[in-house]
1. Using the Cβ atoms and a cut-off under 10 Å, what net charge is assigned to the surroundings of Val198, where Lys and Arg are +1 and Asp and Glu are -1?
2. Would you mind checking the pairs Lys104/Lys205; Lys96/Lys220; Lys146/Lys202; Lys96/Lys202; Lys111/Lys156 and listing those with alpha carbons more than 28 angstrom apart?
3. Would you calculate the volume per residue, in Å³, of the smallest convex hull containing every Cα atom of the range 176-265?
4. Tally Lys/Arg at +1 and Asp/Glu at -1 over every other residue whose Cβ is under 14 Å from the Cβ of Gln258; what's the total?
5. Probe of 1.4 angstrom, ligands and nucleic acids ignored: what's the accessible area per residue over the range 176-265, in square angstrom?
6. At 1.4 Å probe size, with the rest of the protein present, what percent of the exposed accessible area of the range 176-265 is carbon and sulfur atoms?
7. Treating only the Cβ atoms of Lys and Arg (+1) and Asp and Glu (-1) as charged, compute the dipole magnitude of the range 176-265 about its Cα centre; round to the nearest 20 debye.
8. Tell me which aspartates and glutamates have Cα within less than 20 Å of Lys154's Cα, excluding those fewer than 8 residues away on the same chain?
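The values are calculated or read from the model by the stated rules, or taken from the named source; none is laboratory data. Model, not experiment: these values are computed from the prediction. Don't worry about glycine lacking a Cβ; one is built from the backbone with ideal geometry, like all the others, and counts go over all protein chains shown. The area values use the complete protein model at the heavy-atom level, side chains included, leaving out ligands, DNA and RNA. Shrake-Rupley method; radii C 1.70, N 1.55, O 1.52, S 1.80 Å.
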Amino acid sequence: MRKSHPMRRVVLATAATVSGVVLLLSLKPASDPAAASAAGAAPQQTAAGQESPQGGQQSGAQSAGAAAGTVTGDATQTQYGTVQVRLTVANGKVTKAEAVQAPKGGLSDQKTALAVPRLNQEAVAAQSAQIDAVSGATYTSTGYKKSLQSALDKVKASSGSSSGSSSGSSGSAQAQARTVTGKAVQTQYGTVQVRITVGNGKISKAEAVQAPKGGLSDQKTALAVPRLNQEAVAAGTANIDAVSGATYTSTGYKQSLQSALDQAGG
């Protein structure tokens, strides 16, 4: 019986050794570097897949934002301070108007607070500079309209150039036509300012962006301006007849028209 004990120890040791080898073989693939790298590849690809949609959404938002832009008009000096208008434009329409500069100090603060919000609303509603002055803030209103008109001119110029670059032969024809705004001329009854559309060396359209308003001036403007517009297109020059009963308006119109023609090159 005593001789059988060493044999048992050998058998037990052999069994333990075999079990240890089997255990090591079963654990080896989990510690294999190649297997580990292959297992880590899938999470990396998933993370990349999550990032690319976000990048696509950002670029889409940027392209959508590019469709809208801001345009700032010229700074206009008035008796009480500077007025400057900035427009937000989308799809060729004014969606927002704001005064980035306006008269300040003393009574001007009250007038600016009263006038500017109304002028902003009217600019968006009218989509032009033909808006009414706010009573009690005439100088601010006049400066606002001038700066607004310059901003609108910039919008039209940029939209004309972009459409011309993408519309082939018709675009080149449009590129030949452009709008030019003459200088604002002060008359005894108010300001007159003419804007013309010129193409192929001819006036295709004339309009008064500013004209005397209020009281009897409204009647005279309604009578004179349409006739002056027609004569300007027909004559192609500023050598047009004054409208009877609206001499001051006619004179101011012709002076502003001549300055527009000078800018257009004749």
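1. +3
2. Lys104/Lys205; Lys96/Lys220; Lys96/Lys202; Lys111/Lys156
3. Hull volume normalised by residue count: 70 Å³.
4. Taking every other residue near Gln258 into account, the sum is +1.
5. Dividing the accessible area of the range 176-265 by its residue count gives 51 Å².
6. Carbon-and-sulfur percentage of accessible area, whole number: 48.
7. Charge dipole, the range 176-265, about its Cα centre: 160 debye, nearest 20.
8. Reachable aspartates and glutamates: Asp74, Glu98, Glu122, Glu207, Asp262.
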